[in-house]
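Each remark here refers to the structure printed beneath this line.
The values are calculated or read from the model by the stated rules, or taken from the named source; none is laboratory data. For clarity, every value in this text was computed on a predicted model and none was experimentally measured. Every residue, glycine among them, receives a Cβ derived from its backbone with ideal geometry; neighbour counts consider all protein chains shown.
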Amino acid sequence: MALLTTENVGIAFGGLQAVGHFDIALEENELVGLIGPNGAGKTTIFNLLTGVYQPTEGQIYFQGKKINGKKPAEIVGLGMARTFQNIRLFKNLTVIDNIKIAFQKELKYSALSAILRLPAYWQQEKVVEDKAIDLLGLFHMEEDAHKLAKNLPYGKQRKLEICRALATNPKLLLLDEPAAGMNPQETRELMETIGFVRDNFHLTILLIEHDMNLVMGICERLIVIDYGMIIAKGTPEEIKNNKQVIKAYLGS
Ligand SMILES: Nc1ncnc2c1ncn2[C@@H]1O[C@H](COP(=O)(O)OP(=O)(O)OP(=O)(O)O)[C@@H](O)[C@H]1O
Ligand SMILES: [Mg+2]
């Protein structure tokens, strides 16, 4: 059984069909690229999968359960996490607190033990703190733990968003242009880390990325959309030579 399946999913805004006939199946542990020109509907697809938008047609199944109509927080609880094209962090909190908040669904102490600061609270706090530092370590950001999120350079804010997403212990991770604003060196490192995360956290990743060469380097499979429709699916090699894809990217 596929981890995520969509059947004929679509959404219209007013008269505009932003996404239509969107059919995909993502298997466990796959790293799949979602590409397409500006305004093709990539972010809208993430919004549909995560419950930010409700599809006007079609069905979405995650781990065999239908998730249409569920709220974003419920979907996170089921094991789907994402990052945003426009970074969303608690800018006035520290880096580590941003991650600790995301761990919340894992916490086992009661509200009362938190208020009274009972031992259960401190034990959990320590566990969460250690896990947060481990996640930061993936991106070599341990030394940034106590900085305010807003004081991080852009590239590190994006990495912090990935840490926050990972803290929710997802089975499926959706990354919306995680390398935007990074220089080529940072971008290469990030792509390596994304590969590492996929291998070591046993999760499935759907990655939106503008740089074709980059996605082709790390994804085993690509889905290409243009004007809200899938125009091609296949291996990087197949996509590279697909006439419709070339036309979408270069114009006719
Ligand atoms: N809430 C909304 N209301 C109206 N139109 C919307 C809404 N969200 C997205 N759209 C439209 O849907 C289309 C797809 O937008 P989307 O942001 O998904 O594209 P994208 O592929 O992510 O583009 P980019 O590469 O620039 O990030 C665009 O025409 C956009 O204007
Ligand atoms: Mg987008």
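Restricting segment 222-242 to residues that are surrounded by fewer than 22 Cβ atoms within 10 Å (Cβ to Cβ) and of a type in the set (Gly, Ala, Ser), the residue that is nearest to Val19 (Cα to Cα) is Ala232.
For segment 212-236, the set of residues classified as of a type in the set (Ser, Thr, Tyr) and farther than 23 Å from Gly15 by Cα consists of Thr235 only. Suppose we keep only residues that are outside any helix (DSSP H, G or I) and away from ligand 2 (no atom under 16 Å from the Cβ) within segment 184-221. Which one would you say is surrounded by the most Cβ atoms within 10 Å (Cβ to Cβ)? Checking each candidate, the answer is Cys219. Of the helices (runs of 4 or more DSSP H) lying entirely inside segment 64-172, those containing at least 1 residues that are surrounded by 14 or more Cβ atoms within 10 Å (Cβ to Cβ) and modelled with pLDDT of 95 or more span 72-78, 95-102, 119-138, 154-167. In segment 44-63, the qualifying residues are those that are among the aromatic types (Phe, Trp, Tyr) and not in a helix (DSSP H, G or I), and the one that is surrounded by the most Cβ atoms within 10 Å (Cβ to Cβ) is Phe62.
Looking only at segment 13-35, decide whether some residue is within 12 Å of ligand 1 (Cβ to nearest atom), within 23 Å of Met212 (Cα to Cα) and within 17 Å of the chain's Cα centre (by Cα). Yes, there is a match, as at least one residue in segment 13-35 is within 12 Å of ligand 1 (Cβ to nearest atom), within 23 Å of Met212 (Cα to Cα) and within 17 Å of the chain's Cα centre (by Cα). Within segment 17-43, residues that are part of a strand (DSSP E or B) reach partners that are at pLDDT below 95 and within 16 Å of ligand 1 (Cβ to nearest atom) with beta carbons closer than 7 Å, at six or more positions or on different chains, in the pairs Gly33/Glu209; Gly33/Val215; Ile35/Glu209; Ile35/Met212; Ile35/Val215.
Return yes when Thr5 is within 14 Å of ligand 2 (Cβ to nearest atom), in contact (Cβ under 8 Å) with a residue 40 or more places away in the chain and of a type in the set (Ser, Thr, Tyr) and no when it is not. So that I can check it myself, show each step before the final result.
Values: within 14 Å of ligand 2 (Cβ to nearest atom): no; in contact (Cβ under 8 Å) with a residue 40 or more places away in the chain: yes; of a type in the set (Ser, Thr, Tyr): yes.
Here the answer is no, as Thr5 does not meet what is asked.
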